[in-house]
Amino acid sequence: MAYNHQEIEKKWQERWERGGVFHAPDFGDKPKFYCLIEFPYPSGAGLHIGHPRSYTALDVVSRKRRHQGYNVLYPIGWDAFGLPTENYAIKTGRKPQDITRENTDTFRRQLKSLGLSFDWSREVNTTDPEYYKWTQWMFLEFFKAGLAYKTKQPINWCLSCKIGLANEEVVNGKCERCGGDTQKRDKEQWMIAITKYADRLLEDLDTVDYMEKIKVQQRNWIGKSEGAEIDFQVPPLPEGGLGGVGGRPQSGVVTVFTTRPDTIFGATFLVVSPEVAQKWIDVGWNASEQVREYVAVSLKREEIDRTAEGKEKTGVDTGVVAINPANGKEIPVWVADYVLGGYGTGSIMAVPAHDERDFEFAKKFELAVVTVIQPEPLQVMIHQDIGISNAMQSDVRIVSDCFVGDGLMVNSGEFNGMKSEEAKWEIVEKVGARRSVKYKLRDWVFSRQRYWGEPIPLVWCDNCPPVIASEAKQSSDEMIASSPSAPRNDERKKGSWIPVPVEQLPVVLPDVDKYEPTDTGESPLAAITDWVNTTCPTCGGPAKRETDTMPNWAGSSWYFLRYVDAHNNQAFASTEALKYWMPVDLYNGGMEHTTLHLLYSRFWHKFLFDRGHVFEPEPYKRRHSHGLILAQDGTKMSKSKGNVVNPDEIVRDYGADSLRMYILFMGPFEEPVPWSLNGLIGVRRFLDKVERYVQRWVDRQESDKSEEYDGLVEPYLYKVSNDIESFKFNTAVSSFMSLFKELTAEVVDRNEPSNFIERYVSQVTLKKILTVLGPFAPHLANECWEKIGENGIVEEQAWPEFDASLLVQDEVEMGVQVNGKARATIRLSPMADEATAKKLATADAKVQKHLEGKEIVKIIYVPGRILNIVVK
RNA sequence: GCCGCGGUGGCGGAAUUGGUAGACGCGCAGGACUCAAAAUCCUGUAUGGGCAACCAUGUGAGGGUUCGAUUCCCUCCCGCGGCACCA
């Protein structure tokens with residue numbers, strides 16, 4: 001290896017630090033650019049090789065922007081609350097605070113060794129009481145706004161983490177973190193009403209520049225459906241009637257939600273979820289033994305079983321008969337677990353002719369199927385005309401004999417012949433239904449019964465009245481009504497939750513002896529009685545602290561706001577700093593955070609916006625995501641497989657510049673790419689080549705250097721510059737390699753320097769090259785900068801302007817085709833006219849050979865691109 | 001099942017308002033330098049045929065549009081990611 005990377009990397013890192021080169025001053029004349037990476041969770045394993053992928057890419061952008069004259073904020077911090085640390089604390093008996101300090105020290109050292117241009121003066125740590133003071137303050141803002149409420153409801157409980165999970169954290173019934181089984185448990189939980197923001201979270205996606213894929217995922221997750229709630233009359237039952245269905249305590253009514261009111265004439269039965277049936281039983285419905293058993297069994301089963309059984313549907317006839325409000329017909333009411341208790345009203349009208357699930361159910365239990373929508377004849381005809389035999393399946397979507405598309409109404413009384421889309425809302429009116437919008441998004445389960453999180457800053461006082469008039473929750477989440485046991489706040493004994501006053505924040509995590517969570521689901525904090533027992537800030541009487549802590553996502557929902565004013569102790573950030581730096585101009589992170597962190601933080605930010613604490617409706621202007629770095633064999637890196645690459649070793653053996661540039665070079669930024677040590681070594685060879693070239697350049701006399709190569713260099717640098725903007729870092733690096741291939745073509749005898757046929761560019765051009773190389777290999781670029789006798793550092797240089805006249809070459813090589821096949825190349829000006837091109841082409845022996853004895857019928861000429869001679 | 005993305009040499013991957021397919025890197029082969037090795041440099045490297053110039057084929061499969069298709073259209077196969085009985 002030609003240069004001593006250990007020496008020069010240390011040297012330049014120290015210079016940068018001494019000079020405060022990457023410190024972002026608040027305010028100033030320059031335009032600002034806020035570049036953000038997802039701050040890491042400092043795990044005990046140290047930095048993963050995947051981390052630098054994101055950090056290096058945005059480091060390149062940040063550095064380029066500084067060259068371009070922007071005041072760039074590129075900050076870093078630690079998302080340090082979390083289970084792995086806590087579990088390690090349990091195992092070793094050590095304090096999580098101490099473990100976190102050690103881990104962040106390691107991460108800091110590792111990140112600094114990569115030469116990333118972070119502004120370290122703004123480092124934040126979510127576990128620092130000075131930080132979580134504001135997380136707690138924000139929670140109280142939610143509380144005061146009525147968006148944080150405590151309720152008992154079934155939540156996802158991870159059996160191995162012993163922790164309640166948000167819906168977003170459960171993947172196929174398994175814990176997102178540990179992969180262990182989850183089960184439903186009824187627990188008192190703090191919730192945050194994110195559903196109130198569902199519409200805005202959805203609509204405002206149109207105002208931001210995210211990768212389309214990310215937007216799609218967010219839209220799916222929010223899952224907005226527009227439809228109607230329709231009441232079906234059922235005879236009031238002697239035992240007490242059907243109450244509380246769909247949140248409306250209206251006797252003798254079953255309310256369903258549907259997005260297809262136009263199919264109501266085809267509704268041949270109703271299906272209620274086991275949850276709803278249970279509710280009926282609770283209010284005194286004398287259900288049959290069979291129904292009771294079915295409901296009991298269904299509710300006991302985990303959700304995963306309910307779906308894992310696949311398509312085979314089960315259900316029982318309740319014996320209840322409902323009236324279809326469209327046609328007055330009597331239809332049976334069934335209970336079946338394919339209807340979910342937690343969505344819509346927990347009950348549906350089944351239209352087997354136009355819904356696959358209902359169709360399947362009807363088939364199995366031999367229930368009536370009535371067709372009320374027909375594909376429009378025109379569509380069918382078109383497909384017949386062009387002879388596509390299976391046209392119906394592909395275009396008009398007739399699936400397994402049931403048609404789910406829009407079409408013309410039949411068997412629908414006065415609506416016959418109408419287009420279904422048009423009849424939809426007229427029918428809603430006719431049957432006295434209500435338009436209704438539903439979301440898949442649920443409120444955010446915000447409590448964790450663990451130690452290592454922000455304490456929720458509330459105390460329970462038995463004597464005080466609630467400070468919040470209404471704990472406003474019902475409207476946000478009507479679906480809760482269909483869950484079996486959602487107690488109302490007023491059912492509780494007197495007393496209420498009192499916020500800890502701002503001047504008493506932060507509520508600091510007390511020391512405990514044992515960090516273990518309990519099987520009963522109580523936080524270890526509950527055992528610290530002298531912490532739990534406190535005085536009520538309102539009345540001064542005895543009170544008890546909330547012992548739940550906040551989820552990991554809390555601190556990470558607003559950390560980008562803290563960076564803009566990281567040491568402020570009057571507010572989470574000053575208005576001036578927020579107005580200057582926000583929004584984030586470019587945000588990069590993992591694909592895995594698109595439905596969790598990204599949604600939560602957008603919501604959190606919108607809430608702060610509504611409260612007047614921040615001044616932008618969306619926190620991130622542009623969002624990118626990077627792909628995983630896989631192990632050499634294409635599988636995921638994991639400790640257990642022993643295929644993990646240690647960044648420290650790479651930096652030690654090959655240097656940070658090699659690692660940075662290789663990570664950018666290895667493949668398209670958004671895609672997963674396998675690691676290759678040989679690939680890394682190849683990049684190191686390139687950097688050595690650059691260093692040797694510069695050394696020889698220095699050794700040569702001025703007369704050997706020429707401006708004639710300036711035009712050669714320009715297009716390569718121009719491409720690099722553009723590729724940075726479009727996140728095509730891999731081709732940017734390729735472009736550098738091609739450039740140096742051009743510059744360093746050598747003849748064989750290395751001992752005879754005069755034999756090098758090398759292109760020594762002018763000093764001005766070499767400086768340009770080093771400036772553009774700077775963001776990729778900043779240490780080497782600076783070392784070379786110094787070597788060529790320049791003062792200062794690369795970081796101070798302006799980004800080169802590209803001379804358009806140099807980008808257009810006088811002569812290009814252009815392909816000549818005969819009948820579309822490449823036969824020769826000619827050199828000519830891209831401005832040349834067709835006659836010139838034709839003359840040159842037909843002069844070529846190879847072209848002549850293919851023209852021989854043929855007649856030219858046509859010539860296609862695209863200047864600079866192609867000349868195609870068509871012959872017969 | 002639905003939605004999204006993708007399928008190009010031995011490998012990672014370039015190239016799409018349609019215009020010389022395989023840039024750049026890795027690997028491999030041969031050569032130079034060396035007592036030798038390492039390092040470095042040079043040459044070659046899609047496939048088949050030929051000593052060669054060259055010819056033919058070739059971007060998952062099959063069809064189509066076009067002077068010309070990796071790129072556009074249709075049908076199908078495979079892989080990855082997300083959602084998954086959301087009415």
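The values are calculated or read from the model by the stated rules, or taken from the named source; none is laboratory data. Note that the coordinates shown come from a computational prediction; the quantities given were computed from them, not determined experimentally. When we count neighbours, we look across all protein chains shown, and the Cβ atoms used for this are built from the backbone with ideal geometry, even at glycine.
Of the conditions (1) out of contact with any strand residue (DSSP E or B) (no Cβ under 9 Å at 6 or more places or on another chain); (2) near RNA strand B (Cβ under 9 Å from one of its atoms), A:Cys784 fails just one. Which one is it? The failed condition is (2).
One line per residue, one yes/no per condition, for (1) crowded, with 23+ Cβ neighbours inside 10 Å; (2) out of contact with any Gly (no Cβ under 6 Å at 6 or more places or on another chain); (3) of a type in the set (Ser, Thr, Tyr):
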{"residue": "A:Met550", "(1), (2), (3)": "yes, no, no"}
{"residue": "A:Tyr587", "(1), (2), (3)": "yes, yes, yes"}
{"residue": "A:Glu592", "(1), (2), (3)": "no, yes, no"}
{"residue": "A:Phe615", "(1), (2), (3)": "no, yes, no"}
{"residue": "A:Lys621", "(1), (2), (3)": "no, yes, no"}
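If you take the residues in region A:424-439 that are crowded, with 16+ Cβ neighbours inside 10 Å and touching a Gly at 6+ places or on another chain (Cβ under 8 Å), which one is farthest from A:Trp190 (Cα to Cα)?
The initial filter retains those residues of region A:424-439 that are crowded, with 16+ Cβ neighbours inside 10 Å, namely A:424, A:427-428, A:430-431, A:433, A:436, A:438-439.
Checking the rest, the ones that are also touching a Gly at 6+ places or on another chain (Cβ under 8 Å) come to A:436, A:438-439.
Details: A:Ser436: 27, A:Lys438: 22, A:Tyr439: 20 Å.
Across region A:424-439, the extreme among qualifying residues is A:Ser436.
Residues A:Val644, A:Val694: which one is outside any loop (DSSP other than H, G, I, E, B) and surrounded by 14 or more Cβ atoms within 10 Å (Cβ to Cβ)?
Numbers: A:Val644 fails: outside any loop (DSSP other than H, G, I, E, B).
Within the list A:Val644, A:Val694, the selection yields A:Val694.
When the residues of region A:117-165 are filtered to those that are in contact with a helix residue (DSSP H, G or I) (Cβ under 8 Å, 6 or more places away or on another chain) and among the aliphatic types (A, V, I, L, M), the one that is nearest to A:Glu9 (Cα to Cα) is A:Val124. Regarding A:Gln217, is this residue assigned to a helix (DSSP H, G or I) and modelled with pLDDT under 90? Judged against the criteria, A:Gln217 is a match. Apart from one condition, A:Ser625 fits all of (1) in contact with a Leu (Cβ under 8 Å, 6 or more places away or on another chain); (2) among the polar types (S, T, N, Q); (3) closer than 21 Å to A:Trp221 by Cβ; the exception is (1). Quick check on region A:329-348: of everything there that is near RNA strand B (Cβ under 7 Å from one of its atoms) and of a type in the set (A, V, I, L, M, F, W, C), which residue is nearest to the chain's Cα centre (by Cα)? Per the criteria, the residue is A:Leu340.
When we screen A:Thr182, A:Thr195 for residues that are outside any strand (DSSP E or B), crowded, with 22+ Cβ neighbours inside 10 Å, within 16 Å of RNA strand B (Cβ to nearest atom) and within 24 Å of the chain's Cα centre (by Cα), the only hit is A:Thr195.
Return a yes/no flag: does region A:632-643 have any residue that is in contact with a Phe, Trp or Tyr (Cβ under 7 Å, 6 or more places away or on another chain), at negative phi, more than 9 Å from RNA strand B (Cβ to nearest atom) and touching a residue at least 60 places away in the same chain (Cβ under 8 Å). Taking every residue of region A:632-643 in turn, none turns out to be in contact with a Phe, Trp or Tyr (Cβ under 7 Å, 6 or more places away or on another chain), at negative phi, more than 9 Å from RNA strand B (Cβ to nearest atom) and touching a residue at least 60 places away in the same chain (Cβ under 8 Å).
A single member of A:Leu717, A:Leu680, A:Leu687 is away from RNA strand B (no atom under 14 Å from the Cβ) and of a type outside the set (Gly, Ala, Ser), and it is A:Leu717.
Quick check on this structure: which one of A:Glu312, A:Glu302, A:Glu275, A:Glu289 is at negative phi, among the acidic types (Asp, Glu) and modelled with pLDDT of 90 or more?
Numbers: A:Glu312 fails: modelled with pLDDT of 90 or more; A:Glu302 fails: modelled with pLDDT of 90 or more; A:Glu275 fails: modelled with pLDDT of 90 or more.
Testing whether each residue is at negative phi, among the acidic types (Asp, Glu) and modelled with pLDDT of 90 or more leaves just A:Glu289.
Among the residues of region A:53-68, none qualifies, meaning not one is acidic (Asp, Glu), surrounded by fewer than 22 Cβ atoms within 10 Å (Cβ to Cβ) and at pLDDT 95 or above.
Being surrounded by fewer than 18 Cβ atoms within 10 Å (Cβ to Cβ) and in contact with a Pro (Cβ under 9 Å, 6 or more places away or on another chain) is the filter; apply it to region A:353-368 and report the residue that is nearest to A:Pro261 (Cα to Cα). Looking at residues that are surrounded by fewer than 18 Cβ atoms within 10 Å (Cβ to Cβ) and in contact with a Pro (Cβ under 9 Å, 6 or more places away or on another chain), I get A:Ala368. Out of curiosity, is A:Asp337 buried (at least 17 other Cβ atoms within 10 Å of the Cβ), out of contact with any strand residue (DSSP E or B) (no Cβ under 6 Å at 6 or more places or on another chain) and more than 18 Å from A:Val404 (Cβ to Cβ)? Yes; evaluated as a whole, the condition is true for this residue.
Total residues in region A:697-726 satisfying the condition of being of a type in the set (Gly, Ala, Ser) and not in a helix (DSSP H, G or I): the figure is 2. Filtered by the rule that a residue be under 47 Å from the mean Cα position of the chain (by Cα) and either within 10 Å of RNA strand B (Cβ to nearest atom) or modelled with pLDDT of 85 or more (or both), region A:818-851 gives A:Gly820, A:Lys821, A:Ala822. Would you say A:Asp204 is surrounded by fewer than 21 Cβ atoms within 10 Å (Cβ to Cβ) and part of a helix (DSSP H, G or I)? Answer is yes for this residue.
The set of residues in region A:111-122 that are surrounded by fewer than 18 Cβ atoms within 10 Å (Cβ to Cβ) and not hydrophobic (A, V, I, L, M, F, W, C) comprises A:Lys112, A:Ser121.
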